[in-house]
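Colleague: One structure is given below, represented as structure tokens, and several questions about it will come after.
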Amino acid sequence: MRFGRDKVRRFDDRVIALFSRYGHRLHRISLGTIFIWFGLLKPFGHKTTTSLLAHTVYWGNPESVVPVLGWWEVAIGITMLVRPLLRVSLLLLLVRLPGTLLAFILLPDICFRHIPFVPTPEGQYLIKDLILIFAAIAIVGSVRDEEPRHRLH
């Protein structure tokens, strides 16, 4: 019985070491890819829920704001993929975050069927946006964890 546990433990140690070594990098790459992918949909005319965000911004018409938001997301994605630019992605994310939150405040009837526990599909999309934004902020917050260890502080 002990032999089986030791084998499982060694396998578990290998898997954890693998995840530890590559987890942040894969997470960062997946987030960057998602921001680029979803961002590119907007300037190329594919309707997404970001048009909801465009209606919460009062300094432009949605037809102009949606492509700008899309390119902004592409910029977030690119800066997530290029590790030296991670700190830039944090700035871009922090500028984007209020727009997402604003939609919940200004358009609650569009975001929720029953406030606050039953979101509409648009509200679900915005909640997903929040999760992606906070996940990206967590990745950027670990930028020093991925830096080479030989650097002096």
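The values are calculated or read from the model by the stated rules, or taken from the named source; none is laboratory data. Everything quoted here is computed from the prediction, not taken from an experiment. Methodologically, a virtual Cβ is constructed for each residue, glycine included, from the backbone with ideal geometry; neighbour enumeration extends over all protein chains shown.
Colleague: List pairs: first residue in segment 17-33 and at negative phi and hydrophobic (A, V, I, L, M, F, W, C), second residue part of a helix (DSSP H, G or I) and surrounded by 11 or more Cβ atoms within 10 Å (Cβ to Cβ) anywhere in the structure, Cβ distance under 7 angstrom, at least six positions apart or on different chains.
Modeller: Ile29/Leu81; Leu31/Met80; Leu31/Leu132; Leu31/Ala135; Leu31/Ala136; Leu31/Ile139
Colleague: Residues that are under 16 Å from Phe35 (Cα atoms) and modelled with pLDDT of 85 or more: which helices (runs of 4 or more DSSP H) entirely in segment 80-153 hold 2 or more of them?
Modeller: 86-106, 121-141
Colleague: Anything in segment 112-140 that is touching a residue at least 24 places away in the same chain (Cβ under 8 Å) and not hydroxyl-bearing (Ser, Thr, Tyr)? List them, or say none.
Modeller: Pro121, Glu122, Leu126, Asp129, Leu130, Leu132, Ile133, Ala135, Ala136, Ile137, Ile139, Val140
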